[in-house]
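The values are calculated or read from the model by the stated rules, or taken from the named source; none is laboratory data. The structure displayed is predicted, hence computed values, not measured ones. Reconstructed Cβ throughout: ideal geometry from the backbone, glycine too, with neighbour counts over all protein chains shown.
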Amino acid sequence: MTELQGKVAIITGGASGMGKAASILFAKEGANVVVADLNVKGGEEVAAQASAGGNACVFQRTDVSLEADVKALVTRAVAEFGGLDIMFNNAGIGGAVGPLEEISVEDWDKTQAVCLRGVFLGIKHSVGAMRARGGGAIVNTASIAGVWGYPMLHAYSAAKAGVVNLTRSAALEFAADGIRVNCIAPGGVATPIVGAIGINKETVEATLARGQPVPRAGQPDDIAYAALYLAGPHAGFVTGHTLVVDGGAVSGPAGTYRRPGDARGAGAQRMRFAGPSFEQG
Ligand SMILES: NC(=O)c1ccc[n+]([C@@H]2O[C@H](COP(=O)([O-])OP(=O)(O)OC[C@H]3O[C@@H](n4cnc5c(N)ncnc54)[C@H](O)[C@@H]3O)[C@@H](O)[C@H]2O)c1
């Protein structure tokens, strides 16, 4: 398939995890990708790997929290490949982790700067180049932590909720320019970031497999394919949307769903129908 034939994409956080998977997938689907990240070694490796499929990809060192870096990133995409069609604002950090009363203002601000300001800057500086092409697609990475609260990730949850709503407000503004703005809310995905927020690296897959009804850890490709859909031609009528990709985690409270091996209906006391309560014995 070549869903993105002739398109130019920027992918932030492209050196690792979901951004790496998306860089390789988007290039395979025909795009020229500018891989953007703080991680120079990882980013250069991903750009080389993505280019191996035949579509040129380049790396640009970028700190998404810095306006000058994001501006330079868009300039590079236009200079290198002639324009910009897709902006995947995906870079993120776990940020301040722990009890709310112990979070310093500095750590709070650093979390917002990367996870929320980075997305704002990515939108701000990409829409001009997209307008010049007659339209484009912006995909932001939020989190299920931005859809519901998440314990001990206050700053991150607040930032990701900000991403969800910034996606909506931007969608309202830019639809008239042919620019769609959507976000993805991943659940637990086996990438290096989950180690950084305290999950033991050796047990990541097993730990994440228990976190939602689908009994496996999310994988970077689960998110890359969601991004491909939102960035691609089949999502032309989709904007302002939060695509939750979480194996069912936010579909209902933990502990209420069947696990592999559980009998169907276990816990429902073999009840078949619940009528008016006054008729019940
Ligand atoms: N893995 C999960 O379970 C999960 C769940 C929900 C949301 N997310 C979000 O998904 C996105 C991708 O994360 P991932 O899981 O692939 O983790 P990851 O750590 O593998 O990738 C994140 C990338 O962002 C880069 N980055 C961090 N700060 C940056 C900055 N200031 N400027 C530029 N690049 C920067 C890192 O170097 C890294 O390459 C993040 O926004 C994260 O918050 C992850």
Inset, instruction - Take the residues in region 124-142 that are within 13 Å of the chain's Cα centre (by Cα) and either on the phi > 0 side of the Ramachandran plot or not polar (S, T, N, Q) (or both), then tell me which one is nearest to the ligand (Cβ to nearest atom). - result: Ala142
Inset, instruction - Just one of (1) surrounded by fewer than 17 Cβ atoms within 10 Å (Cβ to Cβ); (2) at positive phi trips up Ala68, so point out which. - result: (2)
Legend entry - Thr191 being near the ligand (Cβ under 8 Å from one of its atoms), under 21 Å from Met18 (Cα atoms) and among the hydroxyl-bearing types (Ser, Thr, Tyr): yes
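Kindly establish whether Ala159 is farther than 27 Å from Ala31 by Cβ, among the hydrophobic types (A, V, I, L, M, F, W, C) and buried (at least 23 other Cβ atoms within 10 Å of the Cβ).
Numbers: farther than 27 Å from Ala31 by Cβ: yes; among the hydrophobic types (A, V, I, L, M, F, W, C): yes; buried (at least 23 other Cβ atoms within 10 Å of the Cβ): yes.
In short, yes.
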Legend entry - helices (runs of 4 or more DSSP H) contained in region 136-215 and holding at least 2 residues at pLDDT below 95 and over 21 Å from Ala226 (Cα atoms): 192-196, 204-209
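Being buried (at least 20 other Cβ atoms within 10 Å of the Cβ) and either part of a loop (DSSP other than H, G, I, E, B) or near the ligand (Cβ under 10 Å from one of its atoms) (or both) is the requirement here; does Leu4 meet it?
Values: buried (at least 20 other Cβ atoms within 10 Å of the Cβ): yes; either part of a loop (DSSP other than H, G, I, E, B) or near the ligand (Cβ under 10 Å from one of its atoms) (or both): yes.
For Leu4, the condition - buried (at least 20 other Cβ atoms within 10 Å of the Cβ) and either part of a loop (DSSP other than H, G, I, E, B) or near the ligand (Cβ under 10 Å from one of its atoms) (or both) - is met.
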Inset, instruction - Output the residue which, of all residues in region 54-101 that are among the acidic types (Asp, Glu) and either within 22 Å of Ser143 (Cα to Cα) or part of a helix (DSSP H, G or I) (or both), is farthest from the ligand (Cβ to nearest atom). - result: Glu101
Legend entry - Residues (near the ligand (Cβ under 7 Å from one of its atoms) and of a type outside the set (Gly, Ala, Ser)) located in region 21-45: Asp37, Leu38, Asn39
Legend entry - Residue identified as surrounded by fewer than 22 Cβ atoms within 10 Å (Cβ to Cβ), modelled with pLDDT of 95 or more and in contact with a Phe, Trp or Tyr (Cβ under 7 Å, 6 or more places away or on another chain) among Gly98, Gly128, Gly94: Gly94
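What number of residues in region 7-53 are assigned to a loop (DSSP other than H, G, I, E, B) and touching a residue at least 60 places away in the same chain (Cβ under 8 Å)? Step through it out loud before you land on a result.
Keep residues of region 7-53 that are assigned to a loop (DSSP other than H, G, I, E, B), which gives 7, 13-16, 29-31, 38-39, 52-53.
Okay, now just the ones that are also touching a residue at least 60 places away in the same chain (Cβ under 8 Å), so 7, 13-14, 16, 29.
Looking only at that region, the number is 5.
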Legend entry - Qualifying position, being surrounded by 14 or more Cβ atoms within 10 Å (Cβ to Cβ), out of contact with any strand residue (DSSP E or B) (no Cβ under 6 Å at 6 or more places or on another chain), aliphatic (A, V, I, L, M) and over 19 Å from Phe88 (Cβ atoms), among Ala217, Ala224, Ala263, Ala176: Ala217
